[in-house]
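Asker: I have a structure here, written as structure tokens, and I will follow up with some questions on it.
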């Protein structure tokens with residue numbers, strides 16, 4: 001065979017082995033157990049509010065309605081919505097246990113997608129979109145071959161206790177390619193977002209409680225250098241992820257940095273379910289060799305293995321006690337029917353509107369007129385100081401942001417005063433004023449900060465007009481003092497710049 005022919009053949013063989021090499025799907029089994037569990041955490045909490053969120057009694061807002069295309073999906077009645085929702089939870093739990101895995105995922109995945117798309121305001125989020133894609137890939141995969149009730153029942157029925165079944169790895173590769181595309185697409189979006197590289201996006205996210213309280217975010221938000229460096233590191237990681245994750249050593253960097261990134265989103269950004277979804281999907285990157293190596297390293301692995309297998313063994317033993325003439329599909333359907341009836345009874349007992357209580361349905365409460373007018377026509381002005389997030393002085397700038405804070409300066413150095421603004425804000429006239437200890441104005445300059453700007457910088461060059469001593473740098477907006485920072489000037493005035501201009505923009 002010529003060298004020109006061997007090249008394409010080697011490439012085709014590598015592609016074939018990449019998708020169709022056979023392994024025991026331990027990684028897929030872990031994804032099957034962990035991802036639906038993480039996805040069900042918010043869905044179980046919402047089970048108490050199915051009537052308000054997903055039925056005709058509530059106000060479900062589909063994504064298509066926001067774009068003027070009406071309702072794409074049908075909205076069920078309260079009773080039927082509760083029944084279908086309970087069926088979804090049962091199917092997801094059954095998939096976690098691996099009992100009738102394929103049928104459970106075929107039922108649970110479409111219902112999970114349906115309910116998430118039905119409530120675009122609160123339920124449909126980034127993590128639910130990622131979970132939906134992974135669940136679809138799990139549905140067409142052999143994720144129930146190992147570590148499942150189905151596998152235990154088949155082993156006991158056949159009496160074969162050999163090695164686990166091996167299958168092509170293409171389904172794991174699909175999940176891996178999905179995450180590579182997600183990260184690469186996220187990096188391309190960040191490249192086009194200037195506010196990401198200045199750290200402003202992360203700053204405003206960290207100081208807010210849009211998701212859940214983030215105990216460390218408010219502290220890190222005050223460290224602009226950390227925000228800048230972490231932003232560039234995140235971009236490099238996301239761009240390099242597709243090119244390194246399938247390399248022998250590159251995967252440790254790609255997956256290790258990714259795990260650290262998602263774990264830190266909890267204390268820094270207040271994300272709870274999103275990191276669980278991503279970390280559980282990372283199990284698809286584990287090969288058979290990885291899982292076997294981890295099992296050898298785990299201390300007390302025999303006891304741990306027994307604890308992990310307990311739910312599957314108990315479920316398998318209960319199923320084996322059924323009458324012999326009841327097939328497994330019929331048993332699954334019977335349990336699903338019991339869950340559906342239980343969901344109906346649960347909704348009946350909740351009695352949201354007090355229909356079965358004393359006095360009939362609960363009356364609507366009239367809202368206070370003053371509160372209603374305030375909600376409809378809120379004319380409360382925003383305080384001038386609330387338009388500003390921070391004001392600091394220093395001498396070094398990176399990517400437009402002040403990266404150090406200092407109070408001591410010498411002649412010949414450049415002082416940089418910078419203010420960061422909260423969004424949204426109108427066009428502002430912002431001034432920086434130099435005052436002495438007796439609040440006498442020594443110099444002043446100003447600039448317009450338009451509504452699209454999130455920060456403004458005021459470089460200050462010292463000259464001989466200022467004597468060594470202590471001064472104040474005062475930030476003013478619309479003539480109102482916002483904040484002030486003290487600084488000390490030292491050194492020899494002879495080193496000062498000869499120009500009379502004290503501030504430059």
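The values are calculated or read from the model by the stated rules, or taken from the named source; none is laboratory data. All values derive from a computational prediction rather than experimental measurement. A quick note on method: Cβ atoms are made from the backbone with ideal geometry, for glycine too, and the neighbour counts reach across all protein chains shown.
Asker: Among 228, 233, which is the only one that is more than 30 Å from residue 21 (Cβ to Cβ) and touching a strand residue (DSSP E or B) at 6+ places or on another chain (Cβ under 7 Å)? Lay out the reasoning, then the answer.
Answerer: Working: 233 fails: touching a strand residue (DSSP E or B) at 6+ places or on another chain (Cβ under 7 Å).
Going through 228, 233 in turn, the sole match is 228.
Asker: Looking at (1) modelled with pLDDT under 90; (2) closer than 30 Å to residue 69 by Cα; (3) surrounded by 14 or more Cβ atoms within 10 Å (Cβ to Cβ), can you tell me which one residue 122 breaks?
Answerer: Exception for residue 122: condition (3).
Yes/no matrix, rows are residues, columns are (1) at pLDDT below 95; (2) over 30 Å from residue 171 (Cα atoms); (3) in contact with a strand residue (DSSP E or B) (Cβ under 7 Å, 6 or more places away or on another chain); (4) not assigned by TED's automatic domain parsing to the domain that holds residue 320:
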| position | (1), (2), (3), (4) |
| --- | --- |
| 58 | yes, yes, no, no |
| 73 | yes, no, no, no |
| 95 | no, no, no, no |
| 98 | yes, no, no, no |
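Asker: I need a count of the residues in segment 65-78 that are assigned to a helix (DSSP H, G or I) and surrounded by 16 or more Cβ atoms within 10 Å (Cβ to Cβ). Explain how you work it out, then say what you get.
Answerer: Of the residues in segment 65-78, the ones assigned to a helix (DSSP H, G or I) are 65-66, 78.
Filter once more, keeping what is surrounded by 16 or more Cβ atoms within 10 Å (Cβ to Cβ): 78.
Residues in segment 65-78 being assigned to a helix (DSSP H, G or I) and surrounded by 16 or more Cβ atoms within 10 Å (Cβ to Cβ): 1 in total.
Asker: Determine, yes or no, whether residue 322 is outside any helix (DSSP H, G or I), farther than 30 Å from residue 204 by Cβ and in contact with a helix residue (DSSP H, G or I) (Cβ under 7 Å, 6 or more places away or on another chain). I'd like the intermediate steps shown before the answer.
Answerer: On the way: outside any helix (DSSP H, G or I): yes; farther than 30 Å from residue 204 by Cβ: yes; in contact with a helix residue (DSSP H, G or I) (Cβ under 7 Å, 6 or more places away or on another chain): yes.
Against the criterion (outside any helix (DSSP H, G or I), farther than 30 Å from residue 204 by Cβ and in contact with a helix residue (DSSP H, G or I) (Cβ under 7 Å, 6 or more places away or on another chain)), residue 322 qualifies.
Asker: Where in segment 215-315 are the helices (runs of 4 or more DSSP H), entirely inside, with at least 3 residues that are more than 21 Å from residue 25 (Cβ to Cβ)?
Answerer: Values: elements: 217-220, 224-244, 250-269, 273-281, 288-297.
By residue number, 217-220, 224-244, 250-269, 273-281.
Asker: Conditions: (1) closer than 21 Å to residue 82 by Cα; (2) under 30 Å from the mean Cα position of the chain (by Cα). Residue 34 meets all but one. Number of the miss?
Answerer: Result: residue 34 fails condition (1) only.
Asker: Let me ask you something else. Quick check on my filter: what residues within segment 447-483 are free of Cβ contacts under 8 Å to residues at least 24 places away in the same chain and in a strand (DSSP E or B)?
Answerer: 448, 481
Asker: What is the residue count in segment 450-478 for residues that are surrounded by fewer than 13 Cβ atoms within 10 Å (Cβ to Cβ) and either within 14 Å of residue 387 (Cα to Cα) or not assigned by TED's automatic domain parsing to the domain that holds residue 421 (or both)?
Answerer: 4
Asker: Within segment 12-35, does at least one residue satisfy the condition of being closer than 25 Å to residue 348 by Cα and part of a helix (DSSP H, G or I)?
Answerer: Of the residues in segment 12-35, the ones closer than 25 Å to residue 348 by Cα are none.
Within segment 12-35, not a single residue is closer than 25 Å to residue 348 by Cα and part of a helix (DSSP H, G or I).
Asker: Hey, can you tell me all the residues within segment 393-424 that are more than 20 Å from residue 461 (Cα to Cα) and surrounded by 19 or more Cβ atoms within 10 Å (Cβ to Cβ)? Steps first, please.
Answerer: Going residue by residue through segment 393-424, those that are more than 20 Å from residue 461 (Cα to Cα) are 399, 420-424.
Of everything in segment 393-424, those that are more than 20 Å from residue 461 (Cα to Cα) and surrounded by 19 or more Cβ atoms within 10 Å (Cβ to Cβ) turn out to be 420, 421.
Asker: Would you mind stating whether residue 340 is part of a helix (DSSP H, G or I) and crowded, with 16+ Cβ neighbours inside 10 Å? Before you say what the answer is, go through the steps one by one.
Answerer: Working: part of a helix (DSSP H, G or I): yes; crowded, with 16+ Cβ neighbours inside 10 Å: yes.
Yes, satisfied.
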